[in-house]
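Derivation of every value follows stated rules applied to the coordinates shown; laboratory data play no part. From a predicted model like this one, the values you see are computed outputs, not experimental measurements. Quick reminder, even Gly has a Cβ in these numbers, built from the backbone with ideal geometry, and neighbours come from all protein chains shown.
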Amino acid sequence: MRKLKYVLALGLALSLFAAACGDDDDDSGATGDTSADTAGATSGDTSGDTVQVDQATDFTFDVITHGDDGVFWSVAQKGAEQAGTDLGVTVRYFGANNDAEAQSQAIEAAIAAGSDGIAISLADPAGLEAAAKAVVAAGIPLYTLNSGLNNYKELGAITHVGQTETVAGEGAGERFNTLGATKILCARQEQTNIALEERCEGLATTFGGDVVSEFVGLDADPTEQEAQIAALLQADPDIDAVMGTGPNLPLRAIAAGETAGRELVIAGFDVSPDLISALEAGTVAFTIDQQQYLQGYLPVVLMYLQKTNLNIAGGGLPILTGPGFVTTENVAAVKALAEAGTR
């Protein structure tokens, strides 16, 4: 049913878009001289067909992620949609809410609708392998974002836009060392997301003490997350720090620490207005910022440039958007942007 709804939505969007373009001769969204033929490219061949670029709005790009509509993915979506506005192209965004089957179905629907480029997150590479390879087989440029740094090449993607999760985790471990922690609960909000596992693995590599990695429930159920963290704290009195692998878990850890009667060193990943407030209050020590706005924005730009100008970025390497660190020292500079929904 979800697949059907998505296909119908794509069909309706294409129909409305075609009708709107029929009487529209404004090409102000395109860059440069759009009256000449421009060579088109796919992920498999950059020397083949040509396309007539009379209007940038003739292009439709799909950004299909495993994300929900929470504080992290809403920013990535905003980035993708803003890139579409800036370039004068149509961007269709879909978040599968950690459902690999629904994400695969959305990818298949985008292929059937004749997408000009598809960007996907690879939280579950095995679950998306068939759909990702189908994009390449259809001659559609494929990019990955957020999750997928270790798998994008084998699936035929042009490049990956995101951060090196292990390196981000290693940076967190070094900071926890300076903060005096001895045992860290690395709390994960998704059970099958390899990127989150890599964050915890990187943390364990550089941290001088012990790291316990646990799935503590989805962001959709904050009450469960708080209860799970509190239970783990009560079961192990040696835990004196919590690393949340997303922006919501540090907030759950604050409440769980109060419930368990424990003082904790708390840190997280990513940025949200509530997490910014916690940093200002000093209840969270730091968060790692992977700049998800860029992860939504850049793939659209890359797909557009490949389609219109045969540009291929990355040189066989990923395009990194992080890690960066937001701490109590620099949080004020980030606050206004987070409140505006772009950080």
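What the table shows:
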read-out	value
Alpha-carbon centroids, the stretch 179-230 and the stretch 60-107: separation in whole Å	26 Å
Calculated FRET efficiency for the pair Ala126/Glu263, C-beta based, R₀ 56 Å, to 0.05	0.85
Highest-first arrangement of 328-334, 282-288, where packing means the average Cβ count within 10 Å	282-288, 328-334
Ranked by how many other beta carbons lie within 10 Å on average, peptides 252-260, 155-163 from highest	155-163, 252-260
Extension reserve of the Ile312-Thr283 stretch, reckoned as 0.36 nm per residue once the Cα distance is removed	6.1 nm
At R0 = 45 Å, FRET efficiency that the Cβ-Cβ distance of Thr85 and Leu179 yields, to 0.05	0.60
